[in-house]
Amino acid sequence: MNTFEQVVDDYGAGRLWVASFVAILVVAWGAVLTAREAIWDRFLWHYFWGPVYADAKAAGCAVMTDSGPEPLYEGCQAAVQNGRIVAEPGYTIVSEIGYMLILVYMLVGVYFLLERLDIANDPKLYFAFVPFMLLGGALRVVEDGTDRAIEAGVSPLVEYPLSSLIISPIIYGTVFLMTLLTLVVCVLLDRRGYIGSYYRATAGVGTALVLGTLVYLYGVAATTDYSTLYPSVLLSTVGIATALSYGLYKAFDAYAPEVNDGTGYIGLFVIWGHAIDGVANVILADWLSVLNVPLEYYPKHPANAFIISVTEALQPAGLTAAIGTSWPFLIVKLVVASLVVWLFNEEFIDESPRYALLLLVAVTAVGLGPGTRDMLRATFAI
């Protein structure tokens, strides 16, 4: 046994993860104190917190000044040209890589927690988490509604800094903590005999939260001038995504059964979650006018924007006019999701069912969460 294995055996992997988490926070805080402009202003704020701040203020961008950040509603390009530290709403390559690393690191911590609780070996828990994936997208639309309320001169339900908790990507952490807290409480209630199944209880709490959020959004659409209900977006997105994902699932069953062997219906949900994201992006980018929705949306993710720009450059103008330029994003989503499902074969899941379950939840959430947000945002014209 080497030194590292001895340390893990002596202290436990979970405790070491907690210690590493505390150490990262201490080092980061120390770095900010010793080199504020380089670490905070030009890196952490510029790439991570600044975009959230600008989004929360419904601004075109935010600029770091000597007295702190300030939202800009015009003149962002001029600020960039003048060498100011500018953060715009949305993602960059740097932030997406950073968030991916954070996701992987936090998944390891959750794995140790689930191992300590001795749960998550049963695939049923995956389905209990699905409502929380939908909740993330729905809550993000609530924050989108605050921007419209501010523009309309109405006091929003959630204001800054509280609104930052439901802005991407902070909302992933918010929903993650809500899910984890719900799960732990339901597990404790189950083990003490107060409820019959922590799976069903967890799913029930998530479903109630989603329905409550949708009722609120419907109320906003019914009672305000800055939101209008367009159910055709919801029906089209869910209908097309369901048809595509189920068609792929059945095709795999018939012609490549090894793709579905490991995951079963979980694989169907993984593909469906990313189909929702892909279809919603295509509809919002190119087909809202066909559905008589008088709105315009633009992609915030670099990958989506890159795919659209490449398609615009390569696709004939006549074809672009007929079918738009965002359709390859849907194809990419379906292909990548199918490949991920295929990688989760029976051997991998049998060897580490808990870790496989966490990865499948994460893979689904990064598609279904943003897809739900885009779909509902257009559905309620927010």
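The values are calculated or read from the model by the stated rules, or taken from the named source; none is laboratory data. Bear in mind that the values here come from a model prediction, so they are computed numbers and not experimental data. FYI the Cβ positions are ideal-geometry reconstructions off the backbone, even for glycines, and counts take in every protein chain you see. In case anyone asks, the SASA skips ligands and DNA or RNA and just uses the protein heavy atoms, side chains included. Shrake-Rupley method; radii C 1.70, N 1.55, O 1.52, S 1.80 Å.
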field: Matching residues, segment 332-349, being among the β-branched types (Val, Ile, Thr) and either in contact with a Cys (Cβ under 6 Å, 6 or more places away or on another chain) or over 12 Å from Leu248 (Cα atoms) (or both)
entry: Val332, Val336, Val340, Ile349
- request: Any residue in segment 84-95 that's within 19 Å of Leu72 (Cα to Cα): show its pairings with residues that are among the charged types (D, E, K, R) and at pLDDT 90 or above at Cβ separation under 9 Å, as long as the two are six or more apart or on different chains.
  value: Ile85/Glu37; Ile85/Asp41; Ile85/Arg42
- prompt: Out of all the residues in segment 159-179, which are in a helix (DSSP H, G or I) and open to solvent by 40 Å² or more (accessible area, probe 1.4 Å)?
  reply: Leu162, Leu165, Ile170, Tyr172, Phe176, Leu177, Met178
Residue count for segment 114-128, restricted to those that are open to solvent by 20 Å² or more (accessible area, probe 1.4 Å) and within 22 Å of the chain's Cα centre (by Cα): 3
- prompt: Regarding Trp287, is this residue within 25 Å of Leu234 (Cα to Cα), open to solvent by 70 Å² or more (accessible area, probe 1.4 Å), at pLDDT 90 or above and of a type in the set (Phe, Trp, Tyr)?
  reply: yes
task: Say whether the condition of being of a type in the set (Ser, Thr, Tyr) and closer than 20 Å to Asn304 by Cα is met by at least one residue in segment 97-114.
output: yes
statement: Within segment 117-145, the residues that are outside any loop (DSSP other than H, G, I, E, B) and modelled with pLDDT under 85 are Leu117, Lys124
query: For Thr146, are the conditions met, namely being among the hydroxyl-bearing types (Ser, Thr, Tyr), closer than 21 Å to Ser227 by Cα and buried (at least 20 other Cβ atoms within 10 Å of the Cβ)?
result: yes
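If only one of Tyr246, Tyr216 is within 30 Å of Val154 (Cα to Cα), assigned to a helix (DSSP H, G or I), open to solvent by 50 Å² or more (accessible area, probe 1.4 Å) and out of contact with any Phe, Trp or Tyr (no Cβ under 6 Å at 6 or more places or on another chain), which one is it?
None of the others qualify; the one that does is Tyr216.
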Criterion (in contact with a Leu (Cβ under 7 Å, 6 or more places away or on another chain), over 23 Å from Glu347 (Cα atoms) and crowded, with 19+ Cβ neighbours inside 10 Å) met by exactly one of Ala280, Ala275: Ala275
query: Leu188 versus (1) assigned to a helix (DSSP H, G or I); (2) open to solvent by less than 50 Å² (accessible area, probe 1.4 Å); (3) among the hydrophobic types (A, V, I, L, M, F, W, C): which is the lone unmet condition?
result: (2)
- line: Residue pairs qualifying under the 7 Å Cβ cut-off, at least six apart or on distinct chains, with the first in segment 11-31 being more than 12 Å from Val108 (Cα to Cα) and the second being outside any loop (DSSP other than H, G, I, E, B), are Ala31/Ile39
task: Kindly provide the set of residues from segment 194-206 that are open to solvent by less than 60 Å² (accessible area, probe 1.4 Å) and of a type outside the set (A, V, I, L, M), ordered by number.
output: Ser197, Tyr198, Tyr199, Thr202, Gly204, Gly206
message: Take the residues in segment 290-339 that are touching a residue at least 60 places away in the same chain (Cβ under 8 Å) and hydroxyl-bearing (Ser, Thr, Tyr); name whichever of them is most open to solvent (accessible area, probe 1.4 Å).
response: Tyr297
message: Where the second residue is open to solvent by 60 Å² or more (accessible area, probe 1.4 Å) and in a helix (DSSP H, G or I) and the first is hydrophobic (A, V, I, L, M, F, W, C) and lies in segment 32-46, which pairs have Cβ atoms under 8 Å and are six or more apart or on separate chains?
response: Val32/Trp40
